[in-house]
Amino acid sequence: MSVSSKDISITKVEKSRISELDPSDIHFGMNYSDHMLIAKYENGAWQKPEIMPFHNMTFSPATTFFHYGQAIFEGVKAYKDADGNPLIFRPYDNWKRMNRSAERMAMPEVPEDIFIDGMRALIDLDRNWIPVGAESSLYIRPFMLAVDEFIGVRPAEKFLFIIITSPAGPYYNKPVSIYVQDQYVRAFPGGIGFTKAAGNYGMSMYPTMQIKKMGYDQILWTDGFEHKYVQEIGTMNVFFVIGGKVITPDITHDTILAGVTRNSVIALLRDKGVIVEERMISIDEIEAAHKEGKLQEAFGTGTAASIAPIYALTYHDDKMELPPVETWETANWLKKELADIRYGRKEDTHGWTLKL
Ligand code: COI
């Protein structure tokens, strides 16, 4: 059936696949909801977006993104409140960030009526796919690809903006062990570290594979000049609680992703009167704090990961074990506070939630 709602054409599935999903066994990125959104950019303009059944796509082997990685993405989540209404958390922030990535990667900005209205229409249609269990949500993955059929190296002229969605439980279901990386580099000033470019994640696979073999879960990247100042973790921003103060690397050097969860955490802590320092923080400072017994908590933040406690941080031979996570005040409070806002259990004083 084909229907038209505003400027989005909608073709619905004949039969939903939702009954194939076991709500008690949801893993990140394994299942995709019934529909997807696609908008084409050609001849210098975005075309009318279409929502259609989730399907495989075919591309010429000469397509730009296969060869040169002109591809960016975002991560957003939709939750259900106690009455079953969908709530999308801070989609406007992801929209703005996607357009910052787009500019740096020579891609067209996605207009609000495609990114936001398209996402609303898609989530509205697939609202049954938002799982309701504790820590469950519908992970929304907007992305853009350069799709010229041309293998010369130049910015493409044709693009696809796509949104797919996937029911998700917690990305990490237990505290993580982190390895401080000082051999490989993620980002330099002037580079693309602040973007959600596909290549930022592709380049991390090999170093991550190496540390996983050593028994660690994720990398904490350091700066490329001195390997001294910490930047971010493979899938998350990073926070430390040292002597009662919360410290996180600042995002002013083009090297660190301006995380939406990072920003929410800083705002919630400051609302509460907690001192949050956004500044360069060196591994020497973290080691010294640990030696003095002042390293109280360390955690990652991200859309997929939410708040992910770090139980140990290893730098060379120094394995810094943190106090038991159950005793942490900051991360545990943040986790609850954020969840209460995301699931509509607490007043959203910042206007973060988009209700459908
Ligand atoms: C997110 O948190 O949304 C991310 O994009 C991180 C990761 C899953 C790639």
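The values are calculated or read from the model by the stated rules, or taken from the named source; none is laboratory data. Note that the structure is a prediction, hence the values are computed from the model and not measured. Cβ atoms come from the backbone with ideal geometry, glycine included; neighbour counts cover every protein chain shown. Just the protein is used for accessible areas: all its heavy atoms, side chains included, with ligands, DNA and RNA removed. Shrake-Rupley method; radii C 1.70, N 1.55, O 1.52, S 1.80 Å.
Here are the numbers for the structure shown:
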{"item": "Residue among Y229, Y216, Y139 that is within 16 Å of the ligand (Cβ to nearest atom), touching a strand residue (DSSP E or B) at 6+ places or on another chain (Cβ under 6 Å) and aromatic (F, W, Y)", "result": "Y139"}
{"item": "So I211, is it crowded, with 19+ Cβ neighbours inside 10 Å and part of a helix (DSSP H, G or I)", "result": "yes"}
{"item": "Residue among G152, G133 that is modelled with pLDDT under 95, open to solvent by 10 Å² or more (accessible area, probe 1.4 Å) and away from the ligand (no atom under 16 Å from the Cβ)", "result": "G133"}
{"item": "Count of residues meeting criterion [of a type outside the set (A, V, I, L, M, F, W, C) and farther than 27 Å from Q70 by Cβ] in the range 153-191", "result": "11"}
{"item": "Some residue of the range 45-58 being β-branched (V, I, T) and part of a strand (DSSP E or B)", "result": "yes"}
{"item": "Criterion (of a type in the set (S, T, N, Q) and open to solvent by less than 10 Å² (accessible area, probe 1.4 Å)) met by exactly one of T353, T248", "result": "T248"}
{"item": "Failed criterion for E226 (all others in (1) at pLDDT 95 or above; (2) open to solvent by less than 50 Å² (accessible area, probe 1.4 Å); (3) not hydrophobic (A, V, I, L, M, F, W, C) hold)", "result": "(2)"}
{"item": "Hits in the range 232-254 - residues which are within 16 Å of the ligand (Cβ to nearest atom), assigned to a loop (DSSP other than H, G, I, E, B) and among the polar types (S, T, N, Q)", "result": "T235"}
{"item": "Restricting the range 22-38 to residues that are of a type in the set (A, V, I, L, M, F, W, C) and open to solvent by 30 Å² or more (accessible area, probe 1.4 Å), the residue that is nearest to the ligand (Cβ to nearest atom)", "result": "F28"}
{"item": "Condition broken by D93, with the remaining ones in (1) more than 16 Å from the ligand (Cβ to nearest atom); (2) within 18 Å of L257 (Cβ to Cβ); (3) open to solvent by 30 Å² or more (accessible area, probe 1.4 Å) satisfied", "result": "(1)"}
{"item": "Residue that is nearest to the ligand (Cβ to nearest atom), among those in the range 66-80 that are open to solvent by less than 40 Å² (accessible area, probe 1.4 Å) and not in a strand (DSSP E or B)", "result": "G75"}
{"item": "Any chance I341 is in a helix (DSSP H, G or I), among the aliphatic types (A, V, I, L, M) and away from the ligand (no atom under 16 Å from the Cβ)", "result": "yes"}
{"item": "Hey, I251 closer than 25 Å to E297 by Cα and among the aliphatic types (A, V, I, L, M) or not", "result": "yes"}
{"item": "Filter pass, E347 being in contact (Cβ under 8 Å) with a residue 40 or more places away in the chain, farther than 21 Å from Y216 by Cα, open to solvent by 20 Å² or more (accessible area, probe 1.4 Å) and out of contact with any strand residue (DSSP E or B) (no Cβ under 8 Å at 6 or more places or on another chain)", "result": "no"}
{"item": "Residues satisfying the stated conditions in the range 23-44, i.e. part of a loop (DSSP other than H, G, I, E, B) and closer than 24 Å to M105 by Cβ", "result": "G29, N43, G44"}
